[in-house]
Amino acid sequence: MHSVRKIGKWLLYSTGILMLLLLCVFLYVVYVSKTDPPFVADRSSMQWQRKDHGNGFYTLGNNWLRKSSSGLFELYVEGDPFERGVVNGKLSRELLVLQEDYFSAQISKMIPSTFYLHFLKYVIGWFNRHLDKNITDEYKQEIYGISRSASSAYGYIGTNYQRILNYHAAHDIGHALQNMALVGCTSFGTWDAASEDSTMIIGRNFDFYVGDDFAKNKIVLFENPSQGYKFMSVTWGGFIGVVSGMNEKGLTVTINAAKSSIPSGSATPVSLVAREILQYAANIDEAVAIAHKRTMFVSESFLVGSAADNKAVIIEKTPDTLDVYDPDSDHILCANHFQSKALAGSEPNIKQISESASAYRYKRLQELLQEKEKNTVQNTIRILRDRKGLHDTNIGMGNEKALNQLIAHHAVVFEPKKLLVWVSTAPWQLGEFVAYDLNKVFALQGLQENREIYDSALTVAADTFLLGSQYKNFEKYREYRHRIARGEDINTDSLVASNPQFYHAYVLAGDYCLKRGQFDRAIKYYRQALTKEIATKQEENYIRQQIADIQKKLH
């Protein structure tokens, strides 16, 4: 009896110690996940109010926001960091709120439990515990200014400032933990003899997909900071980072994700490194120096085009290494693997080349560039819209091996020496490409009336693919996908018939039949998928494993 009491006391004592340790860990996580906003000496801009001119046209001093007939939103902001943020938030308040609604809705689909969403707040907070220490005061103030206009509906995730700050690391976290975000981006450039009039041309697809809604309200931002160079970028509500942009010196920056290991914590978000380069670099050497200064927690390629240098290079950066790939040629290509001497032979990069769609897309890009002796803006857009595989093979609509995977948030084309930029309109990169002349846009002294600022004479027409039966079939395919996600019944033969060359249509059909115990039909679809052009080794392994598991059940 005495022994039982001793054991009971020991268990009680041990349990108490364990609970105390867990409480300490929880309190530590809560403490480190808390991020205070930066100090701002002059907050007078918080009292400023926008003027509503009707039809979605707003002004605030020299700053303005309007919706173009193209469907793109156009935003101009100027001033000190906090002022720019406040003005940005006030002018684009509705877009900021909608963007967070869309992003949160997508997260809720992935994590439907309210409890786990609350828990995720502390996990992300702990992961990002050093985030604010790796972001300059300038950008923290700008983010804080924007956050003053954020929604009050997501307090359970964090304060407005915490949330908007953390969203700037969302791509990096998703990329690192799931190797998914930006996985299919493609960019390239030509100059000198490779371009028709010898001028530099840079093109890029930004294949970032967080649901259809996330890409609805694209913003073409024109920013005139109190320090650094004026620049433009294609962005969305609440986001000050850069994924595609050009500054007044004719320096361009686009980002492409590369293979990353799982990090233990955050550092400087990739998009803010790109933003700093765009705002403060006038040439390649200055861009490389800025990239050297910052520590990142994922691997990334920065394709930097420079009017001053009349060429483009790729700054390849991992959490511990930086190298520059200079092709010493009149063209450059970039997918999602490294090419520099220091990083091309690294183990993660070799795995990326052998198992992902990156190398295939790179070869297809080479093919398309070789079809025309001289590149033009129109040819660049043709390449960005290409949906086929090597040797013009039909690999299905939406294949990750295609340059155009029909998921792009946007596509852009730059002519740095002319300070011209073409931005795609919906859907994806299939709509018109409208052109902006940065010389003219930055010469505006405010916008006194609601008028178009793009140069209509330079507009490139929408892809005729939108008018054909293939596009209608792809819309049917997407609707089948949505119906499956909603748990609705579908006809699997009609599903694969809507996109018959795409392996993933058969995978979806196989998964659908498997859930309903239709094993023979599931195996049939999986085997058909193996006869198509499969995007990645991981996908192929999944299909083969599904077949093997079903065969075990049947035998």
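Laid out as a table, the results:
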quantity	calculated
Under-5 Å amide H pairs with residue 251, H placed in peptide plane, nonlocal only	307
The chain, accessible surface, carbon-and-sulfur percent (1.4 angstrom probe)	53 percent
Extreme residue, positive dipole direction of the chain, given options 277, 369, 99 (C-beta unit charges)	99
Flagged links, alpha-carbon separation over 28 Å, of 109/133; 374/418; 372/417; 351/388; 90/317	109/133; 90/317
Dipole of the range 265-345 [Lys/Arg +1, Asp/Glu -1 at C-beta], most positive-end residue of 342, 291, 327	291
Rounded to the nearest 20 debye, dipole of the range 449-517 from Cβ charges on Lys, Arg, Asp, Glu	400 debye
5 angstrom amide H check on residue 208, placed H, neighbours 5+ away	409, 410
Candidate residues 133, 51: accessible-area rank, largest first, probe 1.4 Å	133, 51
Descending Cα extents along the principal axes, the range 395-442, whole Å	41, 19, 13
Rounded if a/c under 1.5, otherwise prolate or oblate - the range 386-494, Cα gyration tensor axes	prolate
Dipole magnitude (debye, nearest 20) for the range 194-234, charges at Cβ of Lys, Arg, Asp, Glu	180 debye
With at most 14 neighbouring Cβ atoms within 10 Å, loop GluC sites (Glu not before Pro) (DSSP) excluded, longest segment of the chain	1-372
Residue 401 accessible area, assembled protein chains, probe 1.4 Å, Å²	20 Å²
Sites matching trypsin sites (Lys or Arg not before Pro) across the range 276-370 that sit in DSSP coil, with at most 16 neighbouring C-beta atoms within 10 Å	341
Cα-centre dipole for the chain with unit charges at Cβ (Lys and Arg positive, Asp and Glu negative), debye to 20	2260 debye
Low-density loop cleavage sites - trypsin sites (Lys or Arg not before Pro) in the range 437-534, where at most 10 other Cβ are within 10 Å (DSSP)	451, 486
Lysines whose Cα lies under 17 Å from that of residue 515, excluding same-chain neighbours fewer than 8 positions away	524, 552, 553
Rg over Rh, two decimals, the range 188-227 (C-alpha only, Kirkwood Rh)	1.18
Accessible surface, per residue, of the chain when the full set of protein chains is kept, probe 1.4 Å, Å²	44 Å²
Proximal charge balance of residue 291 [Cβ under 13 Å; K/R count +1, D/E count -1]	-2
Cα gyration tensor, the chain - rounded (a/c under 1.5), prolate or oblate	oblate
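The values are calculated or read from the model by the stated rules, or taken from the named source; none is laboratory data. Predicted model only: the values in this text are computed from it and were never measured. A quick note on method: Cβ atoms are made from the backbone with ideal geometry, for glycine too, and the neighbour counts reach across all protein chains shown. Protein only, heavy atoms only, side chains kept; ligands, DNA and RNA dropped before computing areas. Shrake-Rupley method; radii C 1.70, N 1.55, O 1.52, S 1.80 Å.
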